[in-house]
Amino acid sequence: MDKKTMSIVAVVVVAVVAIAAVAILMTPQDQKEGVTDYMGNKILLTEEPTRVVSTTAVGSEMISNFGYRDTIVGVTSSSAVYDVIDYIVGVDFDVNYPEGIAQEMKDGTIQRVGSYNGFTAEQVLALNPDLVIMEKAQLETDKSKMTQIQSFGVVVIVLNSDYGFQDCLDNYTMLGIIFGNQSLAKTITTDLQNAYNKVKKVAEDSDFAGKKFAYICTCPPYGDYIYKNALVINLLTDIGCVNAMPVTEGSYVTIQLQEQVAQSNPDFIIFDDMGQNLNWTEVIAGWKADPVLGSVDCIKNDKFWCMEYKPFQAIGYNSAHLINGAALLGAILNPEDTGVTVPNIVTSEKWEQYIKWLDD
């Protein structure tokens, strides 16, 4: 081999080594690392968790996505919150949704430790957990449940409970670091971001892009209120829509529906009922008969959509399943490009038909 050939070979070898080094640096390293959670706790797992209590359905789903489904021994809320479809449109990663929890709650394999806001530290500790998952919203006014559990040497991880899309990605990233599975966290967040971007492009190409919207919860007997942050708000503001009824302080605000909708005059509205099983047909008839609401253009012209429980879960729960909610919004906004026409009442029985376009 002459010197010129040897020089070329040497350059190629150096280049290959350099590329490989860059690839290694860019690949997430799967090892447990210390991280600060959303209540300022310094988390570093020294052992794999074997008994987990999750005080939030979102937390239960996320740790199941990371392969810890079989470690869950306690949850809050009713079994109904776990009755969610076990697939997500537009993604490739194995969802590992915690299906079966509802049945295991019924047969006692998994214990219910109270409601989302109504559990006690004693109920949690009675299950001998070595890890507890909470959300920041459960602790903002009173951290005593968390500190009492921690005083027994139990690790508590607190998730971000802001319900924006990036907040969801940040929770997955944090858990990936804690569990030493950064590569899976990267797969999940990349898949979710790619799917979200596809929905965003469809939404940007719709006639609603740039228009005024409102996202309202009609929840008797608690009244009507609006959210500060949610997937619906994120997606619509991302495509240049203007929130006609924004919240500037707190996570939600109670409103006077007739007066504030008439005053803000949104071009379209997304309604949910927080799973209260409203008879939307009767509610809509009341709106149309109301002298104030009935004169608002978006109500008069049927530019509104009302979510029953299952579609509400998809647009309202801030786990990977929110992509199903995003796909539903894409279909609502752009029937031409999605090939889907979504009726004003989005039922629990039929809503899955409206999201499959994202798999095509």
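Any read-out appearing in this document is the output of simple, stated calculations on the displayed coordinates, not a laboratory observation. From a predicted model like this one, the values you see are computed outputs, not experimental measurements. Glycine gets a Cβ as well: all are built from the backbone with ideal geometry, and neighbour counts include every protein chain shown.
Overview of values
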item: Highest to lowest packing among 34-46, 151-163, 134-146, scored as the average C-beta count within 10 Å; result: 151-163, 134-146, 34-46
item: Charged-residue dipole, Cβ positions (Lys, Arg, Asp, Glu), region 35-181 about Cα centre, Debye nearest 20; result: 460
item: Helical segments meeting 27 Å axial Cα length and Kyte-Doolittle 1.0 threshold in the chain (DSSP H); result: 3-26
item: Gyration tensor (alpha-carbon) shape descriptor, the chain, a/c threshold 1.5; result: oblate
item: Cα gyration tensor, region 68-208 - rounded (a/c under 1.5), prolate or oblate; result: prolate
item: Partner lysines for residue 350 [C-alpha distance under 16 Å; skip if fewer than 8 residues away on the same chain]; result: 310
item: Dipole magnitude of region 84-129 about its Cα centre (Cβ charges: Lys, Arg +1; Asp, Glu -1), debye to nearest 20; result: 260
item: In region 35-181, lysine pairs with alpha-carbon atoms under 18 angstrom apart (chain gap of 8 or more, or interchain); result: 4
item: Sequence-distant aspartates and glutamates (8 or more away, or on other chains) whose Cα lies within less than 15 Å of residue 303; result: 207, 267, 272
item: Cα gyration tensor, region 205-359 - rounded (a/c under 1.5), prolate or oblate; result: rounded
